[in-house]
1. Out of the residues in region 87-121 that are among the aliphatic types (A, V, I, L, M) and in contact with a Ser or Thr (Cβ under 8 Å, 6 or more places away or on another chain), state the one that is surrounded by the most Cβ atoms within 10 Å (Cβ to Cβ).
2. Of (1) closer than 22 Å to GLU60 by Cα; (2) without any contact (Cβ under 8 Å) to a residue 12 or more places away in the chain; (3) not charged (D, E, K, R), SER124 satisfies all except one. Which?
3. Between GLU60, GLU49, GLU2, GLU64, which is charged (D, E, K, R) and modelled with pLDDT under 70?
4. Sort through GLN84, GLN36, GLN59 and tell me the only one that's more than 18 Å from VAL127 (Cα to Cα) and not basic (Lys, Arg).
5. Taking region 119-139 only, how many residues are aromatic (Phe, Trp, Tyr), farther than 13 Å from GLN84 by Cβ and modelled with pLDDT of 85 or more?
Amino acid sequence: MEKALMLGAAAALAASGAFASIPPAYQAHLPAPRAQGDVAFITGGRTPEEAAAVKRAAQEWPMEIVFREAGGGKDRPLENMPVQVTDASGKVVFDGVSEGPLLLLRLPKGRYTVTTRWEAWSFSRPVTVGDDRERVVLEWRREDAG
């Protein structure tokens, strides 16, 4: 347990080092990084200011996940989305909830599967984290009524 807390604290500390390159105007609205095991993460985007801050911070993180519903001519951000990320061997490396429509994860390079569910739908997508930032948009489309 103590080792897990130390690894989590180390991951959050490493994530906070990336804050140095984020302008102060964004930092004021950016949720604090947290950690699950050795995976640091930020979840947010519930207000316009927080969404702008998380989107700016995403430039410093290897993976950004966006949750939204499309339909009726308007996109709607989705909150409180359960998220599980497994590595290439099937080991769960992150299992949590994205409190807002944006989730940033600091994962090492490798192949992963991102899984979530919303209402009656489940969705999985393979993702490769490499040298470039990976942006994953998980979007549910509803048919327009009428």
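The values are calculated or read from the model by the stated rules, or taken from the named source; none is laboratory data. These figures come from a predicted structure and were not determined experimentally. Cβ sites come from the backbone with ideal geometry, for glycine too, and all protein chains shown count toward neighbours.
1. LEU103
2. With (1) closer than 22 Å to GLU60 by Cα; (2) without any contact (Cβ under 8 Å) to a residue 12 or more places away in the chain; (3) not charged (D, E, K, R) applied to SER124, the lone miss is (1).
3. Going through GLU60, GLU49, GLU2, GLU64 in turn, the sole match is GLU2.
4. Result of the check over GLN84, GLN36, GLN59: GLN36.
5. Count: 0.
Residues are listed down the side, and each one gets a yes or a no for (1) aliphatic (A, V, I, L, M); (2) over 13 Å from the mean Cα position of the chain (by Cα); (3) at negative phi:
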| position | (1), (2), (3) |
| --- | --- |
| VAL83 | yes, no, yes |
| LYS109 | no, yes, yes |
| GLU119 | no, yes, no |
| ARG142 | no, yes, yes |
